[in-house]
Structures are given as C-alpha cells and as structure tokens.
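Below you'll find the structure, written out as structure tokens, and then a few comments.
The values are calculated or read from the model by the stated rules, or taken from the named source; none is laboratory data. Just so we're clear, the structure is a prediction, and the values are computed from it rather than from any experiment. Don't worry about glycine lacking a Cβ; one is built from the backbone with ideal geometry, like all the others, and counts go over all protein chains shown. SASA here: full protein model, heavy atoms, side chains in, ligands and nucleic acids out. Shrake-Rupley method; radii C 1.70, N 1.55, O 1.52, S 1.80 Å.
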Amino acid sequence: MKEILKFIEQKKQDFVKLPLFKFMQDKSIDPKQRLSFAPCLVPLAMGFGELCNIAFRQEPTTNKIQELINKHTYEEHFHWQWLLEDIGKLGLDDSLRLTDAINLMWAEETKKNRAVCSFLGQYNFHADPVLRLVLIEVSEVTANVFFSITKTVAEELQKNTGQEYRYFGMCHLNVENTHTLGKKDAVVFLESIEITEETREKAFELVKLAFEAYTEAMNELLAYAKKQENSKLLQVA
Ligand SMILES: [Fe+2]
C-alpha cells in the first residue's frame, strides 16, 4: 500500500498546479470573486457527505481498514453545512430563484462536480476496503490542496468583512488536518498493508481516474467563477 500512497503524493504535485489554484491566489481579483464558484461546488460537497453516510461507511465491520474508513465518514459527512453557511456569507443567497438554483444543481455547468460523486459511488462497490480507502485518500489529498488555498482567500476576505468563513477558511482546514486517517499510527498501519498484484493494479488505475475526476471538477469551478466575473462586468457596462 505504501507504493500506492506514494503514487497519490506524486499525482498531487500535478494537481497543485491547476489553473484554479493560480486564480485563487491572484490578489488583483476581488477575494469574493475568487470564491464565487461556491454554488458550483455544492453537488460535490453535499454528494460527498451523502456518500459518507450511505456508501463509504459499512457497519458493522471486523476489518481494520474499514474501521478507519468508518471513523473518517463520521469526521467528514457534515462539512457541506459550512459550505451553505459560506454561500450565505458571500452574499450569494439572494442571487438565484429557487427554480434556477435547482436547475443549477443539474446543469451542464456543474456536471463535472456531480460526476465526482457518481465516480466515487460507482467504484465504491468494489468489495475490497483497500480500494475504498484509495478513493478516500485521493479525496483527502485533493481536499488538502484545495482548502490550503481557499483558506488564504477566506482570510483576506475576513479582513474586509469581519466574518469567519468556516468552509473555506481555517476551521475546515484544521478539521481536515486532524483526521484520524492522517494520524501517525494510522499512516504507519496503512503503509504496512500488503496487497495482491491484482489489487495493486486496480488501485493504480483508481488513483488515476479519481485525480482525473477531481481535476475536471476544479477546472469547472474556475470556468464558473470566470463566468460570474464576466456577467458582473456586463452588468456594470
Ligand atoms: Fe471536509
């Protein structure tokens, strides 16, 4: 398993270079604008919470890997609530009618964010907890990159508004950084797991596919944020 975790770390090095993260670090753009993709992220964030409750968690279990996954689901399943809270604080609550908001959740412009959870749900049906763990590890690593950068934007914004942004800011990042799966004894255990050649091959493939799904979702967030920027400019003109 150590080799798989190392491969995930390698893939992270490419992920961190995505244009969304450059966009979020561009201080010439209003920080609210840099987080204006928030509604587009809802299907991923809420879908992930639901997957924790109905798919990743398998109880009861005698399998130590599954036990760790179960713990993780209890640590992770409710974070979407902070996203909804931040959407309100970003002033986006009144920007759409209910029917338009419902439509957005199933729109073309949010489909890659929906696709992440479809992908995770589909591959979660592999009986082997090792493969379920791979899906969660990639989700953790990509989330860590994402929230490390949103945190800096949320802090800039907090200076202007005096409000705390629990999803994009320090609160979420702190929770992400203290997950049981990231604790030293858990990492030592995960690295020591022996896997068969067949599982190893499947795991490598899953890592690649999961990074692809998250990459496309990040690119979609960027396109959404830029679209908000353009429509604002048109309104001003
Ligand atoms: Fe989270």
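Structure data summary
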item	result
Between the range 4-58 and the range 68-113, the alpha-carbon center distance in angstrom	13
Length-normalised contact order for the range 2-229 - Cα pairs under 8 Å, 6+ apart - percent	37
Net charge contributed by nearby residues that have their C-beta within less than 13 Å of residue 76 (K/R +1, D/E -1)	-3
Relative contact order, percent, the range 107-237 [alpha-carbon distance under 8 Å, six or more residues apart]	40
Inter-site label distance for residue 232 and residue 140 at 7 Å from Cα along Cβ, in nm	3.6
Whole-percent carbon and sulfur share, accessible surface of the range 141-237, 1.4 Å	52
Computed [θ] at 222 nm, deg cm²/dmol, the chain (DSSP H ≥ 4; -39,500 (n - 2.57); rounded to nearest 500)	-23500 deg cm²/dmol
Accessible-area value, residue 183, 1.4 Å probe, nucleic acids and ligands omitted, Å²	100
Residue (of 203, 129, 145) at the positive-pole extreme of the chain, dipole from beta-carbon charges	145
Environment charge at residue 187 (Cβ cut-off 13 Å; Lys +1, Arg +1, Asp -1, Glu -1)	-1
Cα-based Kirkwood hydrodynamic radius, the range 2-229, one decimal, Å	18.2
Length released on extending from residue 200 to residue 216, taking residue separation times 0.36 nm less the Cα-Cα span	3.3 nm
Neighbourhood charge, 11 Å Cβ-Cβ cut-off, centred on residue 118 and excluding it, Lys, Arg +1 and Asp, Glu -1	+3
Protection proxy ranking of 142-148, 24-30 - average other beta-carbon atoms within 10 Å, highest first	142-148, 24-30
Simple label model, 7 Å out from Cα along Cβ direction - residue 54 to residue 106, nm	1.5
Packing-based ranking, highest mean first, of 154-161, 219-226, 104-111, 194-201 given that Cβ atoms within 10 Å are counted	219-226, 154-161, 104-111, 194-201
Contour excess over end-to-end distance, with Cα ends at residue 13 and residue 163 and 0.36 nm allotted per residue	50.8 nm
Packing rank of 85-93, 36-44, where each peptide gets the mean count of other beta carbons within 10 Å, highest leading	36-44, 85-93
